[in-house]
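In what follows, a single structure is set out as C-alpha cells and then discussed.
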Amino acid sequence: MVSVLQVAGRRVLVSSLTAAASLVPLTAVPALAAGAAPPPVRPEDRAPQTARHGGDHLTVVVRHAGTGRDGTYDVSCHPGAGRHPDVAGACQVLDTHTRWGRDPFAPVDPGSACTMVYGGPATAHVTGTWAGHPVDASYDRSNGCEIGRWDRMVPLLPRLGAQPSA
C-alpha cells in the first residue's frame, strides 16, 4: 500500500528536478555566448607598427649575387608596396612560410647534416618587422642547407644557381 505522502513527495521531487533541469540551459547560454567571439584586441596586443611602413616591412640587402641582383630592396606586405623587383612574389613566399610558432627566417639548425656544396659568395641580410616580430636574418650559400634556406625565400631573395630551362 502506497501512502498519499509518498506519492506527493515523488511529485515534488520530480517537479523540483524538472525545474532545475530547465535552468541549466539558461545558465549555459551566457557562457557559450561569451566564448563564441574573441575578446576585443587591446592596444598592447597589436603588432608593433613602424611610423613609415606599417607592420610587415622588410629591407633586403643583397651582396655578391651579381649584376642586376645586388642592392637594397624594400618590401611591405598587406598591402604590397616597395622598391623590390617582385613585391607580390616576395609577399607570397613570406606568407607561405609563415606558420604560428615558427620563425620563417630561422637559421639552419646547428645540428643539421648539410652537403658540402658551395653555392657562391652571395649574401643577404633581411631586417625589419614581419607578422609583428622583429627580423634580423642573414643568408649565404655556404653549404647545401644554406642554399636550400636561401632558395625557399626566392623571390624575396634573388634566384641564383642553375636556372631551370624553359
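Any read-out appearing in this document is the output of simple, stated calculations on the displayed coordinates, not a laboratory observation. These numbers come from a predicted model, not from an experiment. For neighbour counting, all protein chains shown are included, and Cβ atoms are generated from backbone atoms with ideal geometry for every residue, glycine included.
General remarks:
- Surrounding net charge for C77, when Lys and Arg each add one and Asp and Glu each subtract one, Cβ distance under 10 Å: -2
- Label-to-label distance, V117 versus T72, with points set 7 angstrom from Cα along the beta-carbon direction: 3.3 nm.
- The length gained by stretching the chain between C145 and W100 to full extension, at 0.36 nm per residue less their Cα-Cα distance, is 13.9 nm.
- Pairwise label distance in nanometres, R83 with T127, each label 7 Å out on the Cα-Cβ vector: 1.6 nm
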